[in-house]
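All remarks here apply to the structure that follows.
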Amino acid sequence: MVLKHSEAVPIERCDVQAYEIPTDAPEADGTAEWNSTTLVVVELTAGGTRGLGYTYADASAADLIRRSLARGLQGHDVMDVPARMRTLLGQVRNKGRPGLVAMALSAVDVALWDTKARLLEVPLVRLLGAARSAAPVYGSGGFTSYPIARLQAQLAGWVEQGIPRVKMKVGSRPDEDPARVEAARRAIGQGAELFVDGNGAYTVAQALLLAERFATHGVSWFEEPVSSDDLEGLHRLRARVPAGMAVAAGEYGDSGLYFRRMLEAGAVDVLQADATRCLGISGFLQADALCDAFGVPLSAHCAPALHVHVACAARRLVHLEYFHDHVRLERMLFDGVAPVRQGALAPDLTRPGLGLELKRADAARYAVGPLA
């Protein structure tokens with residue numbers, strides 16, 4: 001469909017489906033355990049063109065989109081993404097916007113941007129405007145449920161692929177964490193960066209003590225050492241962790257206000273944002289603008305196939321999380337997933353929008369409830 005710049009394109013359909021995919025092994029971090037990952041996919045049809053977006057959330061998010069959010073989309077112009085999101089944000093006022101509702105909205109926002117870019121027949125990064133040609137990645141996994149041998153093999157495998165930075169989970173058993181970090185360093189050598197993620201498992205006192213221990217093994221990134229809700233605690237840690245160690249948080253952010261409060265509190269050296277939680281592409285760009293205003297770097301959290309275009313458009317981006325679960329799942333369920341080359345992900349500029357196509361037959365076996 002060739003569009004004139006002034007032409008409105010009404011949304012004809014909004015389809016949504018949840019898929020639950022078992023992990024390849026039991027997984028755990030400092031505060032949670034899981035054995036499956038749920039993907040909620042939104043597909044919008046406008047002008048005879050179909051675009052998609054998705055979030056990693058409970059399957060109930062699909063029902064919320066189907067029963068509630070779809071009404072605010074049907075018949076309205078897909079090209080005016082801010083207007084569509086403004087309507088939906090008003091619509092969810094009494095549902096409680098943070099958390100699950102924000103995840104549902106995020107999937108819709110991504111689908112709106114993908115559909116618009118496809119109608120204009122351009123890659124999403126071209127529509128947004130590129131700040132770089134590729135986004136550096138860090139390998140992420142190293143779950144606390146892994147035995148040492150699997151931890152070492154996974155992290156070393158990423159380094160062998162040319163990814164120069166890797167992250168592991170800590171916090172399930174604090175007394176064992178220094179030994180696990182030491183084992184990780186032995187596996188990856190001295191040339192790669194080593195990150196740790198506490199998922200809010202520690203107290204401030206524990207985190208300070210462990211930061212000193214971790215620093216002896218060259219850890220340069222301490223993610224969510226205490227709860228992301230504890231802005232004062234994060235600020236205190238920032239002031240006292242060893243030189244060269246960055247404190248990072250923000251992956252649960254659901255709005256610009258969340259990110260602004262975190263930045264105003266001086267809680268992080270690097271802000272994290274996740275387009276599957278922070279109101280999609282629109283919210284991620286807002287996080288980038290705030291980072292630009294505060295002079296703080298931005299890191300994209302998880303969902304690498306979804307983030308690659310907006311990550312390349314973000315001015316303050318330093319890297320993108322290449323998370324084991326999501327890398328595996330996105331390759332299973334989507335065509336068009338970009339490979340890592342020289343430690344970075346680059347958008348495929350030959351494909352419009354996000355460049356992704358759902359593998360319907362492969363995905364169907366994992367569907368939660370009847371297929372849409």
Checklist entry - Quick one: how many residues across the stretch 317-372 are without any contact (Cβ under 8 Å) to a residue 40 or more places away in the chain, closer than 17 Å to Pro136 by Cβ and open to solvent by 40 Å² or more (accessible area, probe 1.4 Å)? => result 1
Next on the checklist: Considering only the stretch 65-79, I want to know if a residue exists there that is outside the structural domain of Phe323 (by the TED database), within 18 Å of Val310 (Cα to Cα) and in a loop (DSSP other than H, G, I, E, B).
Outcome noted: yes
Checklist outcome for this item: Contact list, first residue from the stretch 289-303 and open to solvent by less than 20 Å² (accessible area, probe 1.4 Å), second anywhere and part of a loop (DSSP other than H, G, I, E, B) and of a type in the set (S, T, N, Q), beta-carbon distance below 7 Å, six or more apart or interchain, is Ala303/Thr276
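Residue-by-condition table, conditions (1) open to solvent by 10 Å² or more (accessible area, probe 1.4 Å); (2) more than 21 Å from the chain's Cα centre (by Cα):
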residue	(1), (2)
Glu212	yes, yes
Ser220	yes, no
Leu237	no, yes
Pro242	yes, yes
Ala246	yes, no
Ala249	no, no
Leu257	yes, no
Checklist entry - Does the stretch 157-199 hold any residues that are touching an Asp or Glu at 6+ places or on another chain (Cβ under 9 Å) and either of a type in the set (D, E, K, R) or open to solvent by 20 Å² or more (accessible area, probe 1.4 Å) (or both), and which are they? => result Pro164, Arg165, Lys167, Lys169, Ser172, Asp197
Item to check | Of all residues making up the stretch 77-114, the number that are open to solvent by less than 30 Å² (accessible area, probe 1.4 Å) and either basic (Lys, Arg) or free of Cβ contacts under 8 Å to residues at least 12 places away in the same chain (or both) | outcome: 1
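In the set Asp177, Asp197, which member is of a type in the set (Asp, Glu), within 24 Å of Trp34 (Cα to Cα) and within 22 Å of the chain's Cα centre (by Cα)?
Working: Asp177 fails: within 22 Å of the chain's Cα centre (by Cα).
Within the list Asp177, Asp197, the selection yields Asp197.
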Next on the checklist: Checking the structure you have, find out if any residue of the stretch 26-33 is surrounded by fewer than 23 Cβ atoms within 10 Å (Cβ to Cβ), among the aliphatic types (A, V, I, L, M) and either over 30 Å from Tyr146 (Cα atoms) or out of contact with any Asp or Glu (no Cβ under 6 Å at 6 or more places or on another chain) (or both).
Outcome noted: yes
Next on the checklist: Quick test for you: out of Val268, Val310, pick the one residue that is β-branched (Val, Ile, Thr), under 22 Å from Phe334 (Cβ atoms) and open to solvent by less than 10 Å² (accessible area, probe 1.4 Å).
Outcome noted: Val310
Checklist outcome for this item: Among the residues of the stretch 153-178, the number that are in a loop (DSSP other than H, G, I, E, B) and not β-branched (Val, Ile, Thr) is 6
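Conditions tested, residue by residue: (1) more than 21 Å from Ala131 (Cα to Cα); (2) among the basic types (Lys, Arg).
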site	(1), (2)
Gly280	no, no
His307	no, no
Arg316	no, yes
His326	yes, no
Phe334	yes, no
Ala346	no, no
Leu354	no, no
Arg365	yes, yes
Checklist entry - Are there any pairs, at least 6 apart or on different chains, whose C-beta atoms fall under 7 Å, with the first in the stretch 182-207 and assigned to a helix (DSSP H, G or I) and the second surrounded by fewer than 23 Cβ atoms within 10 Å (Cβ to Cβ) and polar (S, T, N, Q), and if so, which? => result Ala183/Gln152; Ala184/Gln152; Ala187/Gln152
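With closer than 30 Å to Leu52 by Cα, open to solvent by 50 Å² or more (accessible area, probe 1.4 Å) and either part of a helix (DSSP H, G or I) or in the same structural domain as Asp58 (by the TED database) (or both) as the only criterion, which of Arg126, Arg150 stands out? Outline the logic, then answer.
Numbers: Arg150 fails: closer than 30 Å to Leu52 by Cα.
So the residue among Arg126, Arg150 that is closer than 30 Å to Leu52 by Cα, open to solvent by 50 Å² or more (accessible area, probe 1.4 Å) and either part of a helix (DSSP H, G or I) or in the same structural domain as Asp58 (by the TED database) (or both) is Arg126.
The values are calculated or read from the model by the stated rules, or taken from the named source; none is laboratory data. All figures in this text were calculated on a predicted structure; none of them were measured in a lab. Backbone-built Cβ (ideal geometry, glycine too); neighbour counts: all protein chains shown. The accessibility values were calculated without ligands, DNA or RNA, using every heavy atom of the protein model including side chains. Shrake-Rupley method; radii C 1.70, N 1.55, O 1.52, S 1.80 Å.
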